[in-house]
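**Q** The following block contains the structure, expressed as C-alpha cells.
The values are calculated or read from the model by the stated rules, or taken from the named source; none is laboratory data. A quick note: this is a predicted structure, and the numbers were derived from the prediction, not measured. Neighbour counts run over all protein chains shown; Cβ positions are idealised from the backbone, glycine included.
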Amino acid sequence: MGAAVNSSISTTTGGSLAAANARLLEEIAEGAARREQEDLNPFDAIQRIREARLGAVRLPVSEGGAGASIRDLFAFAIDLAEADPNVPHILRVHYGFVEQQLISVDAARTRWLAEVAAGRLFGNATTELGTRAAGGRSPYATTLTPDGDGYRLNGTKYYSTGTLFADWVTSRVTGPGGGTVAVAVPTDRPGLIREDDWDGIGQRRTGSGTTRYEDVRVEPDEILSEPPSQGSDDLPAPSYYQTFLQLWLHAIGAGIMRSVVTDAVNLVRGRARSFVHAPVSVPAEDPLLHEVIGEISAACYAFQALVLSAADTLDAAARTVIDGVPDRDATDEAVLRVAQVKVHLDGVGTTAATRLFDVGGASATKRSANLDRHWRNLRTLASHNPTPYKAQAIGRYLVTGAALPRNGYF
C-alpha cells in the first residue's frame, strides 16, 4: 500500500469541483487522445486523482472530504468524462463504495472512510461467468474458507472495472456458512492476480478485466458488513446504491456527448471543401451542417440535464436515511427516474454519435481521426443493462404498481 496523501482536496467555496480542479482536468484531457490512439491505460491520470484525494469529495469536511452533494459529484463525473471517459468509469465502483460507507451504521465505517480520506481507491470484482442470472442472490463460485484466525479466498471474477488501478478490491463471495458475504482485500496481497484482458469495443482502458484469487489471505476485519438484507415485502431493503451506480454510467455518457459536440464543431470549422451540390461552397457557412450541430448540441444539453435531475433524486433519498436505510418512497422515486433516464438517453447518445459523421466528409471516417470512439463508448455503456428490461419494468410499475427491481443491475 502506498503512503497516505496529506494534501487538501481542491474545492472552492460556492464553486464547482471542476472549477477547483481545472488544471487537473486539462492534464487528463491532454493525454486522452494519445492514450486512445495507442491503447494505453490512464495510470498517470488515476494517480493524479489519488494525489488530489478526489475519491474523498463526498466525505464530510470533518472526515477529510469536501462535503460534496451527489449532484456535485455527478457534475464532476460529467467533466471527467469529457476529459477522458475511461477515468470516471474506473472510479465508478469506488464512489459507489464510498456512498455505501457514508450511510453505514457499522463500526467499521470509520476505518474504511479513513482509507478513502487518505486517497485510497477501491475497485470491484464480483461478476462471475456461468448461468447465474445477473443481479441474482444465489451463491458465488468464489469461496471464503476459514484458515486459522483468518480466511482464504479462492475463485475467479470477471469485468472487474477499476481494480487494475485500485488500492483495494471489494468482492461478493460465498462465505463459510454458505451465504453471501462481502470482502475488501488490498490489491498487493499475495495470490491476488489482476489481468488486463478486457476486450470490449468501447471503454477499453477501464481495467475491466479478470481478477483471480489464489489462496488469498483475508483478515477478519476485511469482511465487510452487509446492508439490511430484507424489507417487509421479502425484497432487499430499499437502497439507492445500485441506482447510484447505474446513473454513473449515464453521467459518463453526458461527458462523451460534450465531446461529440466539440468534435462536430471542429469538423465543420476545419473542412476546406464541400460537395458541388451543397447549398454553399464553404462548409462553415452551410445551414444544413449548422442544423445538424444544433440538434446534436440540444441532445447533449438534454442528456446532461436529465442526469443531473436524476442525481437530485439520489440526494433526496440520501437525506432520508435512518439506521442505514433510506425511505422506500424516496428510493423508488430515484430508481424510477434513473431507469427513465436510461430508456430515453441510450438511443439519444448513439444517434448523436452517429450524426457526428453527417457533418464531416469521408475523411472523418479515417481511423486516425478516431471519431468512432464516441459511438463505441456510448454503445458499450448502454450495453451494461438492456434497455427493454428497464422499459418493461417501468411500464409494469406505472400500470400495476408492481415493485421495481432491487438489484445491482437496475
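**Q** Checking the condition within 32 Å of the chain's Cα centre (by Cα), assigned by TED's automatic domain parsing to the domain that holds A352 and over 21 Å from E99 (Cβ atoms), which residue from V307, V292, V321, V282 passes?
**A** V292
**Q** Quick check: is even one residue across segment 242-249 more than 30 Å from G324 (Cβ to Cβ), out of contact with any Lys or Arg (no Cβ under 7 Å at 6 or more places or on another chain) and either touching a residue at least 24 places away in the same chain (Cβ under 8 Å) or not assigned by TED's automatic domain parsing to the domain that holds V307 (or both)?
**A** no
**Q** Among the candidates A391, A402, which residue alone is of a type in the set (A, V, I, L, M, F, W, C), surrounded by fewer than 18 Cβ atoms within 10 Å (Cβ to Cβ) and not in a helix (DSSP H, G or I)?
**A** Being of a type in the set (A, V, I, L, M, F, W, C), surrounded by fewer than 18 Cβ atoms within 10 Å (Cβ to Cβ) and not in a helix (DSSP H, G or I) holds for just one of A391, A402, which is A402.
**Q** I'm checking my understanding of the structure. Among residues of segment 168-183 that are buried (at least 21 other Cβ atoms within 10 Å of the Cβ) and in contact with a Phe, Trp or Tyr (Cβ under 7 Å, 6 or more places away or on another chain), which one is farthest from W248 (Cα to Cα)?
**A** Only one residue tops the list, namely V173.
**Q** Also, I was wondering about something else. Mind listing whichever residues of segment 137-157 are at positive phi and crowded, with 17+ Cβ neighbours inside 10 Å?
**A** G155, the sole residue that qualifies.
**Q** It is to be established whether one or more residues within segment 71-91 are of a type in the set (D, E, K, R), under 19 Å from Q242 (Cα atoms), within 17 Å of the chain's Cα centre (by Cα) and crowded, with 21+ Cβ neighbours inside 10 Å.
**A** no
**Q** Do you know which residues across segment 166-204 are hydroxyl-bearing (S, T, Y) and assigned to a strand (DSSP E or B)?
**A** T170, S171, T174, T180 - these are the residues of segment 166-204 that are hydroxyl-bearing (S, T, Y) and assigned to a strand (DSSP E or B).
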